[in-house]
Amino acid sequence: MTRRGLVVGNWKMNLDYVEAVHLTQQLVTLLRAQAPASVDVVVAPPFVDLRSVTSVVEAERADIEVAAQHVSHRERGAFTGEVSLDMLTRLGVSWVIVGHSERRTLFHMDDDVVRETTRAALARRVRPIVCVGEDLAVRDGDDPEAFVTAQVGAALAGIGADPDAVVVAYEPIWAIGSGRSASAEQVRAMTVAIRRALAAHGLEGSRVLYGGSVTADNAGTLVDDGAVDGFLVGGASLKADSFHGIVRAVDDCYAGRR
Ligand code: PGA
């Protein structure tokens with residue numbers, strides 16, 4: 001493995017700005033005490049917490065980058081409730097999660113909007129973390145890999161990006177928040193298929209993450225045997241200890257210490 005690992009904490013609609021500052025400070029302390037050698041660490045707070053979190057990160061000169069959980073692909077105008085990429089970059093945000101299954105399912109984000117958002121983010125030098133993943137019916141069907149690689153193709157068709165700038169997160173819907181992560185074999189089979197789809201778009205160097213009930217306990221096995229570059233973490237990212245434990249598990253794997 002030559003790429004650096006990547007662990008992204010998706011805080012979802014949790015933590016107000018005071019709690020967000022507190023968690024960021026705890027994370028800064030843990031990362032300073034035990035700094036990962038080969039893992040990039042990103043947190044994705046709610047919109048209203050972003051400036052508070054980037055301020056802590058800047059003041060502490062911490063090795064943490066900040067993501068938004070969503071963004072509009074439009075530049076400005078009459079789009080009540082939406083936030084633009086320029087607004088995010090002004091705050092020091094350098095990553096964005098695109099097409100999380102909760103956005104796709106609950107807020108009707110389709111493949112076209114995922115692609116437009118990915119394209120718009122790259123144009124503003126904000127790195128997209130494009131989420132893909134199947135529901136249980138597709139998992140139990142004939143070919144979950146075909147479904148997920150079609151999502152990858154739909155999101156990245158015609159993008160022509162630098163592979164380093166693009167991350168794909170494989171997040172099976174049935175594993176998100178369920179306490180039941182995919183098995184390492186399932187993750188590996190899907191990772192291989194996703195990397196093949198990425199290569200078809202000239203993105204063979206892009207990093208592939210897994211997300212869905214990742215904890216400090218299962219992270220080591222999933223990163224080793226699942227052949228991913230790291231994780232997109234929901235629930236376990238809300239506590240500094242457990243999130244840091246996941247960062248360490250990925251770092252251990254990358255450093256070949258285990
Ligand atoms: P989870 O969420 O870790 O709580 O399963 C992952 C995600 O939705 O990104």
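A few comments on the model shown:
- Based on DSSP H segments of at least four residues, each scored -39500 (n - 2.57), the chain has a per-residue ellipticity at 222 nm of -13000 deg cm²/dmol.
- Since only V18, L136, A35 are under comparison, the one whose Cα sits farthest along the positive direction of the charge dipole of region 5-254, derived from C-beta charges on Lys, Arg, Asp and Glu, is V18.
- For region 78-165, the list of GluC sites (Glu not before Pro) that fall in a loop by DSSP and count at most 15 other C-beta atoms within 10 angstrom reads E82.
- Burial order of peptide ranges 10-21, 203-214 (average beta-carbon count within 10 Å, highest first): 203-214, 10-21
- Nearest-0.05 FRET efficiency for E204 and S183, computed from C-beta distance (R0 22 Å): 0.30
- For the options R139, R125, R61, a Gaussian network treatment of the chain with springs between C-alpha atoms closer than 10 Å singles out R61 as fluctuating the most.
- Region 105-183, accessible surface, carbon-and-sulfur percent (1.4 angstrom probe): 50 percent
- Ranked by the mean number of other Cβ atoms within 10 Å of their residues, highest first, the peptides 215-222, 157-164 fall in the order 215-222, 157-164.
- Residue-span extension gain [A37 to R74] - 0.36 nm each, minus C-alpha spacing: 9.6 nm
- Here the peptides 39-49, 146-156 are ranked by packing, the mean other Cβ count within 10 Å, and the order with the highest first is 39-49, 146-156.
- Legend: calculated FRET efficiency, E116 to D241, from the Cβ-Cβ distance at R0 = 30 Å, rounded to 0.05, equals 0.20.
- Within the chain, percent of DSSP bridges classed antiparallel, to nearest 5: 0 percent
- Distance between the pseudo-spin-label points of D135 and D224 (7 Å out from Cα toward the beta carbon): 3.6 nm.
- Carbon + sulfur, % of accessible area of region 24-78 - ligands and nucleic acids excluded, 1.4 Å: 46 percent
- Across the chain, Cα pairs under 8 Å and at least six residues apart give a relative contact order of 22 percent.
- Excluding ligands, DNA and RNA, the accessible surface per residue across region 68-123 is 53 Å² with a 1.4 Å probe.
- Efficiency of FRET between S55 and H108 - r from beta-carbon atoms, R0 35 angstrom, step 0.05: 0.55
- Percent of Cα pairs exceeding the 27 Å cut-off, where the set is the chain: 31 percent
The values are calculated or read from the model by the stated rules, or taken from the named source; none is laboratory data. Computed from a prediction, not measured in an experiment: that's the story for all the values here. Positions of Cβ are generated from backbone atoms using ideal geometry, with glycine treated the same way; all protein chains shown enter the neighbour counts. All accessible areas refer to the heavy atoms of the entire protein, side chains included, with ligands and DNA or RNA removed. Shrake-Rupley method; radii C 1.70, N 1.55, O 1.52, S 1.80 Å.
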